[in-house]
Amino acid sequence: GYGGETSSVSMSSLTATLDPVLDIFADVIRNPAFREADFRRLQQQSVEAVRQSFVQPNRIASIVGSAKTWGEAHPYGRVVTPELVAAVTPADVRGFHQRWFGADNAATGLRRRERRRRPPRSSARPRRRSIWSTGPARCSR
């Protein structure tokens, strides 16, 4: 994913395949292909998304508010137009990646999720209720 100042890359894997998946993940981050056909397809999608955003009232308000708050010369005040997106080249993206994507400018995290197996519920054991549950919901009119 990406935002105004951030990019993120994520993956998930089973424990049994974690090592090879991490190898592929690291290769994709360090050595992206930037294939021309993929670049053009994503660029066209971005151009259309920007074009469509100009008819949405919330987006229009955000553009005007940012320009007034930050000024049009500030990166936060600039308006991203379809023409601006269309002018980006694969070389621009490669240069951006080389400059900003590296170990000195990244944060990594790892989250492990385990599913615990619960013992089968005994019919002799009463079922617990949530502390929030007080019985059937009642509606007064």
So, in the stretch 74-108, exactly how many residues are surrounded by 10 or more Cβ atoms within 10 Å (Cβ to Cβ) and within 16 Å of S8 (Cα to Cα)?
7
The stretch 77-99 residues that are in contact (Cβ under 8 Å) with a residue 60 or more places away in the chain, paired with ones that are outside any helix (DSSP H, G or I) and not basic (K, R) (beta carbon under 8 Å, 6 or more apart)
R94/F34; H97/P32; H97/F34
Test F34 against the stated conditions and say whether it is open to solvent by less than 70 Å² (accessible area, probe 1.4 Å), outside any helix (DSSP H, G or I) and not polar (S, T, N, Q).
yes
Mind counting the residues in the stretch 49-60 that are free of Cβ contacts under 8 Å to residues at least 12 places away in the same chain and closer than 19 Å to G3 by Cβ?
6
Cβ pairs under 7 Å, 6+ apart or interchain, first in the stretch 5-26 and assigned to a loop (DSSP other than H, G, I, E, B), second surrounded by 13 or more Cβ atoms within 10 Å (Cβ to Cβ) and modelled with pLDDT under 90, ordered by first then second residue, are V9/I29; M11/F25
Working carefully through the options R51, R111, find the one that is of a type in the set (K, R), surrounded by 12 or more Cβ atoms within 10 Å (Cβ to Cβ) and either under 21 Å from the mean Cα position of the chain (by Cα) or at negative phi (or both).
R51
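The values are calculated or read from the model by the stated rules, or taken from the named source; none is laboratory data. Keep in mind that what you see is a predicted model, and the values were worked out from it rather than measured. Cβ: placed from backbone, ideal geometry, glycine included. Neighbour counts: every protein chain shown. These accessible areas exclude ligands, DNA and RNA; they are computed on the full protein's heavy atoms, side chains included. Shrake-Rupley method; radii C 1.70, N 1.55, O 1.52, S 1.80 Å.
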